[in-house]
Structure formats: structure tokens, C-alpha cells
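K.L.:
Handing you a structure now.
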Amino acid sequence: MILDLKTVMFFKVPIPGQVKTRLIPALGAEGAATLAEAMALDCLHTAMAAGLTPEISVAGPMDHPFVTGLVSRGLKVSAQVDGDLGARMSAAMGPGPAMALGGDAPTLRVTQLQALARGSGHVNIGATEDGGYWGISWPARQDELLRDMPWSTANLCLETLLRASRLGLTVGLAPKGQDVDEPKDLLPLREALLQGAPAPRTRAALVRLLPPS
């Protein structure tokens, strides 16, 4: 698969109390929104550094400064359709070839994104340590892999692999990554940042929100 395939990044507008809500017990509503915005921008930077030309699919008000800031950078930004995540991904990605990326895996490296983009399977998956996946790509749309999936659970990647097998699809696997959904993910994130993960906005936000003891 080539690097100029359609790449769609899925972001939520960082409104306190509406984004990364599972992080609120650790960071508060404002802090969770601040970290979400920082992570999304770092993910965007890595995607562009990987030679991709991402389009942005946004959930939330299109007149929010976060969205207008993306538009001012010359990015193509569109509102997500109604429905679950699978329906929104299918609508935004189109018939393929395409790749979908989230905005909550800021420690991903350029090489990981390039591996996913170049995957040779009917479907290519970048799994996360918590059982989900940080990205998916394919040369042609595979709607069955997005329909009625257990989104935001530890079974997502496994169920996707099992369904791909039932459908007779070959699967390519990109290197695993780390996303950030729950308070338990914050310390591994800090460790990855200390080890040099290229996510300067996330690093700065986390230092403010969780200063070293």
C-alpha cells in the first residue's frame, strides 16, 4: 500500500466534560480536555512527518477554535456523521484504499504509521496494548469489520481478527502502540515520553497536569 492513500484522522473537539471522560478522575475535566488536544496535535504532526496527507473527521462543533485552527493550517476538515464509530469511520474513509487513525496514541513513531500504510493484507491493523487498535488500513473498504464492533473494549482487536478470519481476509499487523484512555495509561505514557517519544505537546501538558513527585 502506498503512502498517499486516503488517511483520515478521527478527533473529538476537546470540550471539557465531553472528551476523554475516563481520564477525568485523574486529571479533571479541563485537564482531560487539555491532554486530548495535545495528543491529537502530536498525532497529527507524526502523521504528516510520515509522509501522509491526513483529512480530519471531527465530532463536535465545527466553529470551535480547535477546528478552525486545523482549517487555518490548510487541512481538510469535515464533521462526522451520526452513528457509532464504525459508521463514522466507514463514511469518512470511503471505498478505499484508506487508513484510519485516532488522536490518542501520541507516542507512535513515524515508522509505525508507515508500516500500517504499506500493509499488504486485505486489512492491516496497528494493535494497542489494551486490546484495541490505534489504526486500520485496507486497499478496499471492509464494512463488515466496522459493523457492530465492541468499540472501546479490550476485545476490539481480537474480534476484528476473528471476523477477518471468518470473512476469509488476510491481515497484516503493524507494530503495537500505546493509546491513552484511562488513568492507568498515564504512567506508561509518562515513561514513554521520558524515553524520548516525539510528542512535545503531550509532554508539556502532562508535566503541567501531573508534575513529577
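K.L.:
Within region 77-87, track down each residue that is touching a Leu at 6+ places or on another chain (Cβ under 9 Å) and either modelled with pLDDT of 95 or more or closer than 30 Å to ARG190 by Cβ (or both).
P.N.:
Passing the criteria: VAL77, LEU85.
K.L.:
Kindly check whether there is at least one residue in region 3-10 that is out of contact with any His (no Cβ under 8 Å at 6 or more places or on another chain) and over 25 Å from VAL171 (Cβ atoms). Step through it out loud before you land on a result.
P.N.:
Residues of region 3-10 out of contact with any His (no Cβ under 8 Å at 6 or more places or on another chain): 3-10.
Now restrict to residues that are over 25 Å from VAL171 (Cβ atoms): none.
Checked against the condition, which is being out of contact with any His (no Cβ under 8 Å at 6 or more places or on another chain) and over 25 Å from VAL171 (Cβ atoms), region 3-10 yields no hits at all.
K.L.:
Here's a check for you: in region 95-112, which residue that is assigned to a strand (DSSP E or B) and out of contact with any Lys or Arg (no Cβ under 6 Å at 6 or more places or on another chain) is surrounded by the fewest Cβ atoms within 10 Å (Cβ to Cβ)? Break it down into steps so the answer makes sense when it comes.
P.N.:
Within region 95-112, the subset assigned to a strand (DSSP E or B) is 98-101.
Still in the running and out of contact with any Lys or Arg (no Cβ under 6 Å at 6 or more places or on another chain): 99-101.
Numbers: MET99: 26, ALA100: 24, LEU101: 27.
Among those that are assigned to a strand (DSSP E or B) and out of contact with any Lys or Arg (no Cβ under 6 Å at 6 or more places or on another chain), it is ALA100.
K.L.:
Something else about it: Hey, can you tell me all the residues within region 1-44 that are in a helix (DSSP H, G or I) and either surrounded by fewer than 16 Cβ atoms within 10 Å (Cβ to Cβ) or hydroxyl-bearing (Ser, Thr, Tyr) (or both)? It would help to see each step written out before you state the result.
P.N.:
Initial filter on region 1-44 (in a helix (DSSP H, G or I)): 21-44.
If the condition is that a residue be in a helix (DSSP H, G or I) and either surrounded by fewer than 16 Cβ atoms within 10 Å (Cβ to Cβ) or hydroxyl-bearing (Ser, Thr, Tyr) (or both), then THR21, ARG22, PRO25, GLY28, GLU30, THR34 are the ones that fit.
K.L.:
Scanning for something of a type in the set (Asp, Glu), out of contact with any strand residue (DSSP E or B) (no Cβ under 6 Å at 6 or more places or on another chain), without any contact (Cβ under 8 Å) to a residue 60 or more places away in the chain and closer than 21 Å to HIS122 by Cα, does region 188-196 turn up at least one residue? Walk me through how you get there before you give the answer.
P.N.:
Our first condition is that a residue be of a type in the set (Asp, Glu); within region 188-196, this holds for 191.
Adding the requirement that they be out of contact with any strand residue (DSSP E or B) (no Cβ under 6 Å at 6 or more places or on another chain) leaves 191.
Cutting the leftovers down to without any contact (Cβ under 8 Å) to a residue 60 or more places away in the chain gives us 191.
Next, from what is left, pick out any that are closer than 21 Å to HIS122 by Cα: none.
Scanning region 188-196, I find no residue that is of a type in the set (Asp, Glu), out of contact with any strand residue (DSSP E or B) (no Cβ under 6 Å at 6 or more places or on another chain), without any contact (Cβ under 8 Å) to a residue 60 or more places away in the chain and closer than 21 Å to HIS122 by Cα, so the answer is no.
K.L.:
A follow-up question, please. Which ones in region 151-187 are acidic (Asp, Glu) and either touching a residue at least 12 places away in the same chain (Cβ under 8 Å) or in contact with a helix residue (DSSP H, G or I) (Cβ under 6 Å, 6 or more places away or on another chain) (or both)? Walk me through how you get there before you give the answer.
P.N.:
So the first thing to find is which residues in region 151-187 are acidic (Asp, Glu), and the list is 159, 179, 181-182, 185.
ASP179, ASP181, GLU182, ASP185, listed by residue number.
K.L.:
Determine if region 199-210 includes at least one residue that is within 16 Å of the chain's Cα centre (by Cα) and either over 20 Å from ALA32 (Cβ atoms) or surrounded by fewer than 16 Cβ atoms within 10 Å (Cβ to Cβ) (or both).
P.N.:
Checking region 199-210: not a single residue is within 16 Å of the chain's Cα centre (by Cα) and either over 20 Å from ALA32 (Cβ atoms) or surrounded by fewer than 16 Cβ atoms within 10 Å (Cβ to Cβ) (or both).
K.L.:
Among the residues of region 48-63, are any touching a residue at least 12 places away in the same chain (Cβ under 8 Å), under 17 Å from THR202 (Cα atoms) and within 17 Å of the chain's Cα centre (by Cα)? Quick ask: steps written out before the conclusion?
P.N.:
Taking region 48-63 as the starting set, the residues that turn out to be touching a residue at least 12 places away in the same chain (Cβ under 8 Å) are 49-62.
Among the residues that remain, those that are also under 17 Å from THR202 (Cα atoms) are: 49.
After this cut, where a residue has to be within 17 Å of the chain's Cα centre (by Cα) as well, the list is 49.
So far as region 48-63 goes, yes, one or more of its residues are touching a residue at least 12 places away in the same chain (Cβ under 8 Å), under 17 Å from THR202 (Cα atoms) and within 17 Å of the chain's Cα centre (by Cα).
The values are calculated or read from the model by the stated rules, or taken from the named source; none is laboratory data. Owing to the predicted nature of the structure, the values given are computational and were not obtained by experimental measurement. Virtual Cβ from ideal backbone geometry, glycine too; neighbours counted across all protein chains shown.
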